[in-house]
1. Could you tell me which helices of the chain pass both thresholds, a Cα extent of 30 Å or more along their own axis and a mean Kyte-Doolittle hydropathy of at least 1.6, with helices taken as whole DSSP H runs?
2. Only Lys, Arg, Asp and Glu count, each charged at its Cβ (+1, +1, -1, -1), so figure out the dipole size of segment 190-285 about its Cα centre, rounded to 20 debye.
3. Can you order the peptides 193-203, 398-408 by their average number of other Cβ atoms within 10 Å per residue, highest first?
4. Run the 1.4 Å probe and let me know the accessible area of I248, rounded to the nearest 10 Å².
5. According to the square roots a ≥ b ≥ c of the eigenvalues of the Cα gyration tensor, what is the shape class of the chain, taking rounded for a/c under 1.5, prolate for a/b larger than b/c otherwise, and oblate for the remainder?
6. Using the Cα centre of the chain as origin and beta-carbon charges of +1 (Lys, Arg) and -1 (Asp, Glu), tell me which of V120, G81, G50 is placed farthest towards the positive end of the dipole.
7. Please list, in chain and number order, the residues 5+ apart from R162 or on another chain whose amide H is under 5 Å from its amide H, with Hs placed from the backbone.
8. At a 1.4 Å probe, what is the % contribution of carbon and sulfur to the accessible area of segment 1-55?
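The values are calculated or read from the model by the stated rules, or taken from the named source; none is laboratory data. From a predicted model like this one, the values you see are computed outputs, not experimental measurements. No Cβ is skipped: glycine too gets one built from the backbone with ideal geometry, and neighbour counts run over all protein chains shown. What goes into the accessible areas is simple: the full protein's heavy atoms, side chains included, and nothing from ligands, DNA or RNA. Shrake-Rupley method; radii C 1.70, N 1.55, O 1.52, S 1.80 Å.
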Amino acid sequence: SKPRFDYDLVVLGGGSAGLACAKEAVDCGARVLCFDYVKPTPVGTKWGLGGTCVNVGCIPKKLMHQASLLGEAVHEAVAYGWNVNDKNIRPDWCKLVRSVQNHIKSVNWVTRVDLRDKKVEYVNSMGAFVDGHTIEYVPKSGQAKSRVTAKNVVVAVGGRPRYPSIPGATEFGITSDDIFSYDREPGRTLVVGAGYVGLECACFLKGLGYDPTVMVRSIVLRGFDRQMSELLAAMMSERGISFLETTIPSSVERQSDGRLLVRFRNTTTQTDGSDVFDTVLWAIGRRGLIEDLNLEAAGVKTQNDKIVVDRSEATNVPHIFAVGDIVYGRPELTPVAILAGRLLARRLFAGSTQLMDYADVATTVFTPLEYACVGMSEETAIEKHGADNIEVFHGYYKPTEFFIPQKSVRFCYLKAVAEIAGDQKILGLHYMGPVAGEVIQGFAAALKSGLTVKTLLNTVGIHPTTAEEFTRLSITKRSGRDPTPAS
Ligand code: FAD
Ligand code: NA7
C-alpha cells in the first residue's frame, strides 16, 4: 500500500547537522529528502551546499589562519638559515581568496557527489512548514510551489551573523559571511565584537599585514575561562592589534574618498569618538534562521530566534526535531552538530536510545598562539565545587622551536583545573600555544574517560613537544610559587 507520507524524514538545512542526519537516516533505511538554500548576504555573497562550516566558517577560517601563520613562519625561517631575500614579503589577498574559494568549491562538489552516492534526495530550495507534516518549497525560481509530506522533520537551518541596528550597518559593513570571498584587500579593518569569530578574524587580518582594531562591548571571549581570555587579549595586543575597550558603534558613513567613517561611544568614559576604516566587519554573534520556516504553522516553540528541544532533540511537537546551531542553549560547533544529527537519525530509524552528550566538548580559538580547552573554566569549577575543593596546576613553558627566532614565550601557558581530593579528577584543561587544537583533542578523550592528575603525571611525555607540558604540571596556584620556567 502507498505510504502515508512521501518521506520518512525531511531535513531542512544542508549544513553540518542536516547532512549528517540525512546521510545516517538513509543508511538506516529511511526515505529522506534534504533541503538546502542560502540567502545572499546584504552585499550579495552566496555559496554552495554544505552550510556554514564548509563555506563561511571553520574551513575558510582555518585556511586564512594558516595563511597568516605562514607569514610569521617566513620571517622565522630567516633565523633558521633560510635565505629569504625579500624582507617586505606581502600576501596577495586576491590569490589567497581564490585558493580558499577553489578549495570550498571542491568540497561543495564532493558533498554533492556523496549525497548522490548515498541516495539522499536533495533540493536546492528554501523549505517552510504548511503544517506539522507538510513542507512547501519553490522547486526552481519562477516555478510554482510544491509540497512534500514527511513522517518526521528535522530542522537544521543554522544561523547567520547579526548586524547592529545602527545607521549604515548593512549598507557598509560586512560579516564573516563575506570576508572569505572578499574581492579586494580589506585594508584597515574595524572588527566589532570580541567573541571567538571576531578575535580570529582580527588575528588572521593582522597576520596578513592589515591593521585590525577590535571593538569590545564588555569583555573578550564571554563564556570562556577569564584568565585564559585575558591572556589571549594580551597576546593579541603584543602583536599590535588595537582594542577599543567598552565601546559600542553608533553609525557608519561612507566618506567621499570611499573609506568608512565609524562613530562610536565609550560606555565607561561616556565619550564619543570616531575613526576611519577601509572595512567594517560585524562579529557580534549569530541569529537562528527561523524567520522563513513558518514554525507557527507547525506549532513549534522558539526562544529568541532559536528552537527549544529536549534531551532527545525533540521540539514540543513530538515528530519535529532540531539539531545544530538552531538549537537554543547548545554549543555552536560543527562536530557537535554532526554527532547530534547522526545520533538522532539512529534513534529515529535504527532503534538506538543513545542521547547526545553535550558535556566536555573541546574547542579551539584559532589565534596566532591558539587557545584550546576542554571541560570547566576555573570560574565554573569554583562555582560548582567551591574554591577549597579545587586545585589549579599551571605553568608557563618555552616551546623549543621558539628559541632560535626568539619568539615571545610570554603567553605560552597552560593549566589543569582539578578536584583537590583523592587522585584529583581533572575538571578542565586549558592550553595556549602552538597547534592548541591538536594538543587538546587527545586530552579531551582522556578527560571524558575520567582523567586524574595522578594519571597525567604518570604519563610519559613525548619530547620535545609542547603537549608534554601537561605531564609535567607541578605548580599549584595555591602554593603561590612562580609558574615561569627557569630556562
Ligand atoms: P549550518 O552549517 O549553518 O547549515 C544550515 C544550512 O541550512 C545553511 O546552508 C542554510 O543556508 C540552510 N537553510 C537555512 N534555512 C533554510 C530553509 N528554510 N530551507 C533550506 N535550507 C535552509 N565550528 C567549529 O567546530 N570549529 C570552528 O573552527 C568553527 N569556526 C567557525 C568560524 C566562523 C566564522 C563561523 C561563522 C562559524 C564557525 N564554527 C566553527 C561554527 C560552525 O560553522 C557551526 O556550528 C556549524 O556550521 C553549524 O551547523 P548547522 O548544520 O547547525 O548549520
Ligand atoms: P559571540 O560569541 O556571541 O560574541 C559576540 C560578541 O559581539 C561579543 O563580544 C559581544 O559582546 C559582542 N556584541 C554583541 N552585540 C553587540 C553589539 N550590538 N555591539 C557591539 N558588540 C556586540 O559571537 P561569535 O560571532 O564570536 O560566535 C558566535 C557563534 O558562531 C560561535 O559560538 C561560533 O560557533 C559561531 P558581549 O560579550 O555580549 O558584551
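1. Details: long enough: 58-79 (32 Å, 0.38); 93-117 (36 Å, -0.42).
Qualifying helices, which must be both long enough and hydrophobic enough, do not occur.
2. Rounded to the nearest 20 debye, it is 180 debye.
3. Taking the mean over residues of other Cβ atoms within 10 Å, the ranking is 193-203, 398-408.
4. We get 60 Å² for I248.
5. On the way: a/c = 1.79, a/b = 1.27, b/c = 1.40.
Note, shape of the chain comes out oblate.
6. Working it through, the farthest residue towards the positive pole turns out to be V120.
7. I284, G285, R286, R287
8. On the way: 1060 of 2150 Å².
Of the solvent-accessible surface of segment 1-55, carbon and sulfur hold 49 percent.
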